[in-house]
Amino acid sequence: LGIKYMRKHLENSSENKDSSYREKPIDGKMNDLNHIIPQKFDVMCGKDRISNRHTGNKRFRLIIEMNCEQYQNATIRNEKTKITCDIISMIRSSGGRFLKMNEKTKRFEDVKDVIIREKVAHALRSAKNPLEKKLRRKIKPTKKKVYSELEDQNFNDVLTDQQSIYLSLIKEREDSIPKNHYLKHSI
């Protein structure tokens, strides 16, 4: 049932596009070399800085964040499939496409529907709940440093020296104050 739903849902969403949908950018323009030019709602697949900063990818991450809790709480596979297909439809209905750079031709190409579904589902599975992320930062345990015997010995030597200096300062202070001084002020 899930695969049938996906096929039907994706076929219906792509029927609304004209026949040149997969070959031309949204505004219908091609550059001189017949390249697909990424538009602002396109999702660029890739892990490079350009795709990460692209407006369509930022929008995609927000959509994933908005739907990740619902997806992760879904218990039936068909529910998860529907959420995945709805996200794909949302992006396509706004004129967005899923594009990937072909490393050989250095041109953007449309990504196949099967790969798109895998990528969207993976993004939903691996998305972190923003509230949990904030809590984890606050509760993050600190690691205790384990000191070597030499460091322990150096610390103990410094501590002993400081204690003896402190005691000698107190003794000097007591010696500098006359003994009858305490008697006068205590009465």
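The values are calculated or read from the model by the stated rules, or taken from the named source; none is laboratory data. Note that the structure is predicted; figures quoted are calculated from it, not measured. Methodologically, a virtual Cβ is constructed for each residue, glycine included, from the backbone with ideal geometry; neighbour enumeration extends over all protein chains shown. Keep in mind that these areas ignore ligands, DNA and RNA; they rest on the heavy atoms of the full protein, side chains included. Shrake-Rupley method; radii C 1.70, N 1.55, O 1.52, S 1.80 Å.
Annotations for the structure displayed:
- Of all residues in segment 144-162, those being open to solvent by 80 Å² or more (accessible area, probe 1.4 Å) and part of a loop (DSSP other than H, G, I, E, B) number 4.
- The number of residues in segment 97-119 that are among the acidic types (Asp, Glu), in a helix (DSSP H, G or I) and touching a residue at least 24 places away in the same chain (Cβ under 8 Å) comes to 1.
- Taken over segment 101-131, the criterion of being in contact with a Ser or Thr (Cβ under 9 Å, 6 or more places away or on another chain) and among the basic types (Lys, Arg) is satisfied by 117 alone.
- Yes/no for residue 52 being modelled with pLDDT under 90 and within 24 Å of the chain's Cα centre (by Cα): yes
- Residue 87 in contact with a Phe, Trp or Tyr (Cβ under 9 Å, 6 or more places away or on another chain), surrounded by 19 or more Cβ atoms within 10 Å (Cβ to Cβ), free of Cβ contacts under 8 Å to residues at least 40 places away in the same chain and among the β-branched types (Val, Ile, Thr): yes
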